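Take a look at the structure below.
The values are calculated or read from the model by the stated rules, or taken from the named source; none is laboratory data. Here the structure is a predicted model, which means the values were calculated and not measured. Note that each Cβ is placed from the backbone with ideal geometry, even for glycine, and that neighbours are counted across all protein chains shown. The area values use the complete protein model at the heavy-atom level, side chains included, leaving out ligands, DNA and RNA. Shrake-Rupley method; radii C 1.70, N 1.55, O 1.52, S 1.80 Å.
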Amino acid sequence: MSESHDNTLMSAALEEAEKARMRDEVPIGAVLVDARTGKIVARNSNRTRELSDPTAHAEILVIREQCEKLGVQRIPEYDLYVTLEPCAMCAGAIAFARIRRLVYGASDPKGGGIAHGGKFFEQPTCHHKINITTGVEADACGQVLKEFFAGKR
């Protein structure tokens with residue numbers, strides 16, 4: 001994918017993050033893209049409060065949706081765009097789903113599991129190596145979170 005296409009897809013993930021903010025959820029959005037066509041096949045945002053489900057992160061919701069649509073547990077022809085560095089739980093789901101490529105916006109030094117914390121994909125127990133692109137629309141992705149948490153203080 002080109003840099004401009006990455007930016008366009010991250011903008012779609014940011015739209016999902018805004019929907020989460022409007023529901024008073026932590027504003028993280030994700031879109032799942034068919035790498036063969038470049039088209040979005042699933043989109044969602046955090047719904048942990050709405051669903052009373054601590055696993056209802058945006059990344060997991062879009063992975064679940066596409067796997068269910070296709071009746072499979074692995075989706076290696078798909079790319080995931082998410083506004084914030086995935087946590088360790090989501091990194092595990094991304095690996096088990098065999099996502100082809102992960103693109104994320106803002107880094108998460110406190111809760112991230114990709115470049116921070118356990119660095120999931122660098123562990124010898126991780127059997128799926130993934131192409132990762134970071135920093136796409138990072139300022140905009142970080143800003144939506146800063147504004148959300150500033151409003152909570």
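Summary of computed values
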{"quantity": "Residue in region 44-65 that is surrounded by fewer than 16 Cβ atoms within 10 Å (Cβ to Cβ) and in a helix (DSSP H, G or I) present", "calculated": "yes"}
{"quantity": "Residue within region 110-131 that is closer than 17 Å to residue 33 by Cα and among the small types (Gly, Ala, Ser) present", "calculated": "no"}
{"quantity": "Some residue of region 125-134 being in contact (Cβ under 8 Å) with a residue 12 or more places away in the chain, within 20 Å of residue 10 (Cα to Cα) and open to solvent by less than 50 Å² (accessible area, probe 1.4 Å)", "calculated": "yes"}
{"quantity": "Any hit, region 20-42, residues being among the acidic types (Asp, Glu), under 15 Å from residue 84 (Cα atoms) and open to solvent by 30 Å² or more (accessible area, probe 1.4 Å)", "calculated": "no"}
{"quantity": "Search result, residues across region 79-110 that are out of contact with any Ser or Thr (no Cβ under 6 Å at 6 or more places or on another chain), in a strand (DSSP E or B) and aliphatic (A, V, I, L, M)", "calculated": "80, 82, 84, 102, 106"}
